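Scroll down for the structure; my scribbles are underneath it.
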Amino acid sequence: MSLTAQIKEYALNIGYSKIGIIPAEDFPEYVDDLTKRNDMYGFYVNSPSRPLAVADLKSLMPTAKSIITTVYDYAQKNFPKELTNKIGKVYQARSYDPPPEYINGARSELMRAFLRKVGCEVGEKIVLPERLVAAKAGITNYGRNGFAYAEGIGSFIYLKSFLVDRELEYDNPTIKQVCPEGCSACMKACPTKAIYEPHKINPPRCIAFHTFLTQEGMAGSYIKPEIREKMGTKIQGCDICQDVCPLNQERLKSKLPDDEFLVNVAQDFSLSKMLNMTDEFYDSRVQPLLFNYIKERKYFQRNAAIALGNLGDPANVFDLAIAMDDHEELVRGYSAWALGKIGDRSAKQVLEDNLSKETSESVKDEIRQALSRIEIRGELKG
Ligand code: SF4
Ligand code: SF4
């Protein structure tokens, strides 16, 4: 068996659904696209991931000869409905960039170990344009929502590539349109119109971006009110443009076995528990799923406050009132916004009580804006 065949069989044996291989060449088209859309991708271009470095792949790994790319199908088990409107499926499945002690992280470690065993040097911590690599290797195509689609699976896939120093047998690209003619369901369903033309996403309008990249040191922690309104109950990620896609319906409608771990998490999970989070809740119910992007608890709390505001249920005023005493300004400010969204008599009272004792100017601003929205709504009603 050739080295290429050995590598491919091993990848399939350890649970990857598809594998393809391309020569390790630069990605000028990707760099060009990111550069042209710097107003949308500046946050990423200037991040530690350094995506533009793939303009010169050899600068990242001088011995690089091939890129081995894989598809992992992460929607093999049922996603509990209690979590589905809050957490993206890829995070529920613990598939997005997991540490090695997770089964999906162990899989990529196994792959690396195998590649070394068969004599390959493997690049470390090199960020590649995964969707483009997989399309060039013929294992995925693009949908108009910008996601990669694998034949027979759909878009609920996680892509992972390995840069190696051996020449291998290469696959052919299948970059083609997978969408049925005339379909634009994803573009119509996107609440923020972040898919501004087929295949083009504006990340700073995307809800997923706002759930996890709005942190200090990344895209800044402020989320505009117009986006908060559209975030619904999303805590991390957004699957709307994939959930409406006809190409995913077969999987979404199929009867899948329960993931018993997720069933346990779902039983305990609630937005109010996330808002006023105990250490135990954070360790046992948040970290096991949401270990990848959000580095500080306050951002989960902020997202929970937004979600509770969007629910608009006066029953949550009590928990938001507790959060108005949180030591983090961020949590208090977004809780004030949420109280303004609920806007009943009790929410107004909590806001007024807190305005007199609040010391942070930014939180006071949020409280005043929340109160003025309640006033305006009252006038409109009256
Ligand atoms: S992930 Fe959500 S917000 Fe982002 S493009 Fe898709 S539907 Fe729109
Ligand atoms: S919803 Fe329609 S247009 Fe969008 S990715 Fe799916 S098939 Fe393509």
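Of the helices (runs of 4 or more DSSP H) contained entirely in segment 290-372, those carrying at least 3 residues that are basic (Lys, Arg) fall at 297-311, 345-357. Where helices (runs of 4 or more DSSP H) fall wholly inside segment 1-108, the ranges with 2 or more residues that are among the acidic types (Asp, Glu) and at negative phi are 28-36. The set of residues in segment 125-165 that are assigned to a loop (DSSP other than H, G, I, E, B), touching a strand residue (DSSP E or B) at 6+ places or on another chain (Cβ under 8 Å) and within 16 Å of ligand 1 (Cβ to nearest atom) comprises Gly143, Arg144, Asn145, Gly146, Ser155, Phe156. Within segment 104-162, the set of residues being charged (D, E, K, R), more than 13 Å from ligand 2 (Cβ to nearest atom), under 16 Å from Val178 (Cα atoms) and surrounded by 20 or more Cβ atoms within 10 Å (Cβ to Cβ) comprises Lys136 only. Residues that are open to solvent by 40 Å² or more (accessible area, probe 1.4 Å) and within 8 Å of ligand 1 (Cβ to nearest atom) within segment 194-217 comprise just one, Arg205. For segment 237-271, a tally of residues being over 17 Å from Pro80 (Cβ atoms), open to solvent by 30 Å² or more (accessible area, probe 1.4 Å) and assigned to a helix (DSSP H, G or I) returns 5.
Would you call Ser59 without any contact (Cβ under 8 Å) to a residue 60 or more places away in the chain, assigned by TED's automatic domain parsing to the domain that holds Asn141, more than 30 Å from Met231 (Cβ to Cβ) and not acidic (Asp, Glu)? Criteria met by Ser59.
Considering only segment 54-72, state which residues are open to solvent by 20 Å² or more (accessible area, probe 1.4 Å) and over 26 Å from Tyr91 (Cβ atoms). Explain how you work it out, then say what you get.
In the first step, residues of segment 54-72 are kept if they are open to solvent by 20 Å² or more (accessible area, probe 1.4 Å); the result is 55-56, 58-60, 62-63, 65, 72.
Within segment 54-72, Ala55, Asp56, Lys58, Ser59, Leu60, Pro62, Thr63, Lys65 qualify.
Of all residue pairs spaced 6 or more apart or on separate chains, those with beta-carbon atoms under 7 Å, a first member in segment 25-40 that is surrounded by 15 or more Cβ atoms within 10 Å (Cβ to Cβ) and a second member that is of a type in the set (Ser, Thr, Tyr) are Leu34/Tyr41.
The values are calculated or read from the model by the stated rules, or taken from the named source; none is laboratory data. Being a predicted model, the structure only gives us computed values, none of them experimental. So basically every Cβ, Gly included, is an ideal-geometry build from the backbone, and we count neighbours across all protein chains shown. With ligands, DNA and RNA removed, areas are computed over all heavy atoms of the protein, side chains included. Shrake-Rupley method; radii C 1.70, N 1.55, O 1.52, S 1.80 Å.
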